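Here is the structure we will look at.
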Amino acid sequence: MEKTSIDLKRDGMEMEDLSGRVHQLPCSVKFDGPASVSHYFKPKPSGVGDEGLPLQQAHFRGRLLQGTTLNLPHGYSGFVLAKKSPDDNSNSNSWETKATFRDITYWNHDYVPSHNDEFLRAFHWLTLAKALHNPVTPEELASSSNVL
Amino acid sequence: MGSLPKWASKPCIMGIDEAGRGPVLGPMVYGCLYCASSYLKTLATLSFADSKTLKEEKREELFEGLKANDSIGWDVDVIDPRELSAKMLKRTKINLNEISHNSALGLIDRVLKMGVLLTEVYIDTVGDPGKYEMKLSKSFPSIKFVVAKKADSLYPVVSGASIVAKVTRDHALKEWVLDETAENMHRNFGSGYPGDPQTKSWLGDHRHSIFGFPTLVRFSWGTCNTYFKDIAEVLWESDDLDEDGGSNNKNGKRQLKLSNVGFISKRSEEIESSGKGRCRFFEARKLELLTHF
């Protein structure tokens, strides 16, 4: 637990690009491992929502899911991380990149995706974080003290 | 849509019946058959009977006959198993009786809109006949409804509708194109009734530890649970809100129930976030700072 390291790689020989295949479901599947997703989970386009989001429809375990695919904001990438096998670095908590993705499809059970959904609203943070962490230029400082 | 026959503007009678309500897989079909009231006597000689008492070839033959008969009109509403599962597993569940009622109402509406002068409709009951009749009469005050048990064997016009429904359901299942593309899938569905040995073995062969079943199966049927005992458990956000829903442990369930009593606002807060002390901005967006993982 002492040392946590994450090895983020965007390009690599064995790096798989999972774009178009990353799904966020409104349920928790008590299973970890590979599954034949493409044979069973078949999203179909279902028009455009009131808010202009392109919609998709799929079924999982009998429930109707309505989803939308969103591209990750410019400058961001998605990473699938896996813990490095503990024997080569027993004391540290190291993670390595297994795959990357540029978009994510998130699904609601029974209701149409909307900009009001927590999942979409979570991206507000990126804008806010940028504003918070951007260095303040002397000009900005000057202009704000003028206002005061 | 063809042009409306002349007899349709005279008082008409219609029968409605369903096929495939009980099966655990495949579509449920509502069928209707209508004709001028003056044609009823002839209709009675066409040897329509409750479709369940007829052999498959006889049903097919009768269906071909009534399709070719200019004095008879018919229509069907095929309800996809995906739709049945989805409605019955909605956040606010719609039960099968309601789905059935709405299908029948939809058929009546469709035939009326075509311009057929319906004055009498005979229909096999779903649920309580009295309540069902009230529902129908309220939607269509100008029509006289006869809602009865075993209407399909009592009234030839309903027997005819039962043939329309049954043959359509059989064809739909026979020609069903499975959504799933996994290997080793086959089409020996059987009748679809939970007790049918062929259906049972099909269900056994197509059970999947993650996806449950192909979407041909009605996931809302109790039969499925016996097959789902040892597959991966799936917990739904929507079930956490539901007092009767499948919660993971007894304590969790009890707690949810208690917090439900009279504290609606508290309830939504709990769902939004369990982390206390976070800024509301993050709480509402389910964002949390992770330092250990």
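Relative to the dominant Cα principal axis of chain B, helix B:197-206 is inclined by about 40°.
Counting only heavy atoms of protein chains, what accessible area per residue, in Å², does the range A:4-116 have with a probe of 1.4 Å?
With the other protein chains kept in place, the range A:4-116 gives 60 Å² per residue.
A Förster radius of 25 Å, combined with the Cβ-Cβ distance separating A:PHE31 from B:ASN225, puts the computed FRET efficiency at roughly 0.85. Using alpha-carbon positions, what is the distance between the centroids of the range B:184-220 and the range A:36-68, in Å? Cα centroid to Cα centroid, the span is 23 Å. Count Lys and Arg as plus one, Asp and Glu as minus one, and take only other residues whose Cβ is under 11 Å from that of A:HIS109; the net charge is then +1. State the percentage of accessible surface on the range A:1-122 attributable to carbon and sulfur atoms; use a 1.4 Å probe and exclude ligands, DNA and RNA. C and S fraction of accessible area: 49 percent. For the residues of B:173-181, the average number of beta carbons from a partner chain within 10 Å of their own beta carbon is 2.
Among the listed pairs B:LYS41/B:LYS150; B:LYS87/B:LYS286; B:LYS67/B:LYS131; B:LYS6/B:LYS174; B:LYS113/B:LYS150, a Cα-Cα separation exceeding 24 Å is found for B:LYS87/B:LYS286; B:LYS67/B:LYS131; B:LYS6/B:LYS174; B:LYS113/B:LYS150. Per residue of B:218-225, other chain Cβ atoms within 10 Å of the residue Cβ number 1 on average. Counting only DSSP beta bridges whose two residues both lie in the range A:4-116, roughly 70 percent are antiparallel. The range B:276-293 and the range B:125-174 have Cα centres spaced 55 Å apart. Only Cα pairs within less than 10 Å get springs; with that Gaussian network setup on chain A, which residue of A:SER77, A:SER85, A:SER114 has the largest fluctuation? The residue that fluctuates most here is A:SER85. Give me the angle, in degrees from 0 to 90, between the Cα long axis of helix B:56-68 and the longest principal axis of the Cα atoms of chain B, rounded to the nearest 10. Value to nearest ten degrees: 70. Pairing chains B and A buries close to 3500 square angstrom of accessible surface in total, based on protein heavy atoms and a 1.4 angstrom probe.
Each peptide in B:53-63, B:204-214 receives the mean, over its residues, of other Cβ atoms within 10 Å, and ordering these scores from highest gives B:204-214, B:53-63. With all protein chains present, how much of the accessible area of chain B (probe radius 1.4 Å) comes from carbon and sulfur, to the nearest whole percent? The computed percentage sits at 53.
What shape does the range B:53-198 have by the C-alpha gyration tensor, where a ≥ b ≥ c are the square roots of the eigenvalues, rounded means a/c under 1.5, and otherwise prolate means a/b greater than b/c and oblate the rest? Verdict is oblate for the range B:53-198.
Per-residue ellipticity at 222 nm for chain B, helices alone: DSSP H runs ≥ 4 residues times -39500 (n - 2.57), over residue total, nearest 500 deg cm²/dmol? Before the final figure, lay out each step's value.
Working: 13 runs with 124 residues, N = 293.
About -12000 deg cm²/dmol.
Considering every alpha-carbon pair of the protein assembly as shown, the percent of pairs per 10 Å bin, from zero through the bin containing the longest distance, is 4, 15, 22, 21, 16, 10, 7, 4, 1, 0.
Per residue of peptide B:229-236, the mean number of Cβ atoms on other chains within 10 Å of the residue Cβ is 4. The residues of the range B:7-174 expose, per residue, 43 Å² of accessible area to a 1.4 Å probe. Compute the Rg/Rh shape ratio of chain A: radius of gyration over Kirkwood radius, all on alpha-carbon atoms. When Rh is taken as the Kirkwood radius, the ratio is 1.08. The DSSP beta bridges internal to the protein assembly as shown are antiparallel in roughly 70% of cases.
Order these peptides, B:17-29, B:181-193, by their mean beta-carbon neighbour count within 10 angstrom, highest first. Each step should come with its number before you reach the end.
Details: B:17-29: 24.2, B:181-193: 13.6.
Result, highest mean first: B:17-29, B:181-193.
The angle between the Cα long axis of helix B:129-139 and the longest principal axis of the Cα atoms of chain B comes to about 90 degrees, rounded to the nearest 10.
The packing ranking of peptides A:134-145, B:95-106, highest mean first, is B:95-106, A:134-145, where packing means the average number of other beta carbon atoms within 10 angstrom of each residue. Here the range B:7-174 is treated with +1 on each Lys and Arg Cβ and -1 on each Asp and Glu Cβ, and its dipole about the Cα centre works out to around 500 debye. Using equal-weight Cα scatterers in the Debye expression, the normalised intensity of chain B in log10 at q = 0.10 Å⁻¹ is -0.69.
The values are calculated or read from the model by the stated rules, or taken from the named source; none is laboratory data. Here the structure is a predicted model, which means the values were calculated and not measured. Here the Cβ is made from the backbone with ideal geometry for all residues, glycine too, and neighbour counts use every protein chain on show. Keep in mind that these areas ignore ligands, DNA and RNA; they rest on the heavy atoms of the full protein, side chains included. Shrake-Rupley method; radii C 1.70, N 1.55, O 1.52, S 1.80 Å.
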